[in-house]
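Participant: My structure is below; once you've seen it, I'll send some questions.
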Amino acid sequence: MTKDHNPNVEWDVIVVGAGPAGSSAAISAARLGLSVCLIERGRAPGSKNLFGGVVYPAILSELIPNFLEDAPIERAISRRVTMAIDGNRSTSLVVDNPNWVDEIPNGFTVKRSLFDSWLADQAVKEGATLLNATTVTSLDRSLAKNAKTLVYTDRGDIPLSAKVVIAADGANSFIAKEAGLFSELSSHHYTLGVKRVIELDETTINERFNQPNSFQGTDIEILGCTMGVSGGGFLYTNRSSISIGVVLSLDSFSKSKVRPEEILSGLCNHPSIKDLIKGGTDLEYGAHLIPEAGKKGWPELYSDGLLIAGDSGFMCLAAGIWLEGVNYAIASGDLAGRASAQAIRKGDVTKEGLSIYKRQIDESFVGKNHSRFQSAPELVMSPIVQNKMPKLACDIFDELFKVRDPLPKVGIPKAIFSAIKANKISKKELIQLGIRGFRSFK
């Protein structure tokens, strides 16, 4: 995959990070005739990534229309489950839709080591040069306005040179921080994802998740499973394995006295989960930072000779109902590659010349969705949603489905208001929650 290169070569674009954002940027820039160097610190793209989620490929199909021919897909999601856990109980909303796997799947699970390598391969096929096992150590942007940014790596003292650098180096972006593009960063802006990958044979997964074949899969999002720490859980089916994990607010987690592996163990041993994963063999266990502050956590996305894309720009939509990241990374990377080409052709890679990128982001679904739902992450992590809603949901449906013969049934309104009263949720809290919910998701 890697092409040899002369370290003295001056590139049009250097992309740092061969994840979905970086590879997409490299694809677009190379496709538009630019010389592109794609730098990856891992031994191969995806080797440093820990990911237990779903790729939503509508935007990928625009970048690579024939991606279904050889993309390393695990399972296409045909069942989406939203589960609330309280003690040993759970209440679930289940959506089954086999139509989601027709033509272009609505979403599919992947193994990042395979998916990222495949996507980087597409960049190489377009003409980009991939440089693996290389860490960017610093940038010299003193001549960035004059279309020359020096990129120093751990491969030696001779820097690479680029007209535009695209930072796609992840949630804890060294480049964005070094460039001073973050106004303020704290633990409030991040969550900690902790994940197990458990091997199970395809037939067992199909039977346990009631799937008709090994192409269709299940996505379970879980609230109330984090032992009092703000966050949530997930379970996704791969072809012959299951990804299960928790996502924890760093702020809340740092104040707790529990370890992340305890929280994950508790989820794995819950009555609603344990039989789904029993008998499996652990393949992987790890943790990683996730940028979940929404648009309120975005850095400046452009500067002289520099663009920020994907997780480096906090472009992960964590809005409770929607937990999406790879599609936003692909879209922002694509736009970064295009904006680089436009600025280079105009001969203006200053901050003003590259500002077209921010305008394109704002006009795309990336910017529109982040603007529209920018208050949702705070609502989802709020004490009332985290601490009261899972128990409330379980109480309401427990009351509704409990047969009390010879006593009469309580009816829906009474079941709801009795549960609200039992959970000590005041009218004021309900009104405030309703207003916040409407404003966050309208």
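The values are calculated or read from the model by the stated rules, or taken from the named source; none is laboratory data. All values derive from a computational prediction rather than experimental measurement. A quick note on method: Cβ atoms are made from the backbone with ideal geometry, for glycine too, and the neighbour counts reach across all protein chains shown. Just so you know, the surface numbers come from the protein's heavy atoms only, side chains and all, with ligands and any DNA or RNA stripped out. Shrake-Rupley method; radii C 1.70, N 1.55, O 1.52, S 1.80 Å.
Participant: Of the conditions (1) of a type in the set (Ser, Thr, Tyr); (2) over 30 Å from residue 376 (Cα atoms); (3) in contact (Cβ under 8 Å) with a residue 12 or more places away in the chain, residue 243 fails just one. Which one is it?
Facilitator: In the conditions (1) of a type in the set (Ser, Thr, Tyr); (2) over 30 Å from residue 376 (Cα atoms); (3) in contact (Cβ under 8 Å) with a residue 12 or more places away in the chain, residue 243 misses (2) alone.
Participant: OK, next. Enumerate the pairs (first residue in the range 420-437 and among the small types (Gly, Ala, Ser); second residue anywhere and surrounded by 10 or more Cβ atoms within 10 Å (Cβ to Cβ)) with beta-carbon separation below 7 Å, excluding pairs fewer than 6 apart on the same chain, so at least 6 apart or on different chains.
Facilitator: 422/395; 437/379
Participant: Could you tell me how many of the residues in the range 152-166 are within 29 Å of the chain's Cα centre (by Cα) and either modelled with pLDDT under 95 or over 24 Å from residue 32 (Cβ atoms) (or both)?
Facilitator: Total meeting the criteria: 3.
Participant: Of the conditions (1) in contact with a strand residue (DSSP E or B) (Cβ under 7 Å, 6 or more places away or on another chain); (2) modelled with pLDDT under 95, residue 420 fails just one. Which one is it?
Facilitator: For residue 420, the failing item is (1).
Participant: Give the range 401-440 a look and list any residue that's open to solvent by less than 50 Å² (accessible area, probe 1.4 Å) and of a type outside the set (Gly, Ala, Ser), or say none.
Facilitator: Within the range 401-440, 410, 420, 423, 425, 433 qualify.
Participant: Moving on to the next point. Looking at 341, 319, which one is at pLDDT 90 or above, open to solvent by less than 30 Å² (accessible area, probe 1.4 Å) and more than 18 Å from residue 170 (Cβ to Cβ)?
Facilitator: 341
Participant: Does any residue in the range 304-329 that is within 12 Å of residue 176 (Cβ to Cβ) come within less than 8 Å, Cβ to Cβ, of a residue that is surrounded by fewer than 24 Cβ atoms within 10 Å (Cβ to Cβ) and basic (Lys, Arg) six or more places away or on a different chain, and which pairs are these?
Facilitator: As it stands, the answer is 306/141; 314/295, since those pairs meet every condition given.
Residue-wise test of (1) open to solvent by 10 Å² or more (accessible area, probe 1.4 Å); (2) touching a Lys or Arg at 6+ places or on another chain (Cβ under 6 Å); (3) closer than 30 Å to residue 244 by Cα.
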| site | (1), (2), (3) |
| --- | --- |
| 22 | no, no, yes |
| 26 | no, no, no |
| 29 | no, no, no |
| 35 | yes, no, no |
| 43 | yes, no, yes |
| 57 | no, no, yes |
| 67 | no, no, yes |
| 71 | yes, no, yes |
| 76 | no, no, yes |
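Participant: Test of understanding: among 392, 354, which residue is aliphatic (A, V, I, L, M), in contact with a Gly (Cβ under 9 Å, 6 or more places away or on another chain) and open to solvent by less than 20 Å² (accessible area, probe 1.4 Å)?
Facilitator: Among 392, 354, only 354 is aliphatic (A, V, I, L, M), in contact with a Gly (Cβ under 9 Å, 6 or more places away or on another chain) and open to solvent by less than 20 Å² (accessible area, probe 1.4 Å).
Participant: Here is a follow-up. Cβ-Cβ under 9 Å, sequence separation 6+ or interchain: first residue in the range 119-148 and under 17 Å from residue 25 (Cβ atoms), partner assigned to a strand (DSSP E or B) and open to solvent by 50 Å² or more (accessible area, probe 1.4 Å). Which pairs?
Facilitator: 136/152; 139/152
Participant: What about residue 148, is it buried (at least 21 other Cβ atoms within 10 Å of the Cβ) and among the basic types (Lys, Arg)?
Facilitator: In short, no.
Participant: Kindly provide the set of residues from the range 372-411 that are aromatic (Phe, Trp, Tyr) and outside any helix (DSSP H, G or I), ordered by number.
Facilitator: 373
Participant: Of the residues 349, 366, only one is open to solvent by less than 10 Å² (accessible area, probe 1.4 Å) and not in a helix (DSSP H, G or I); which?
Facilitator: 349
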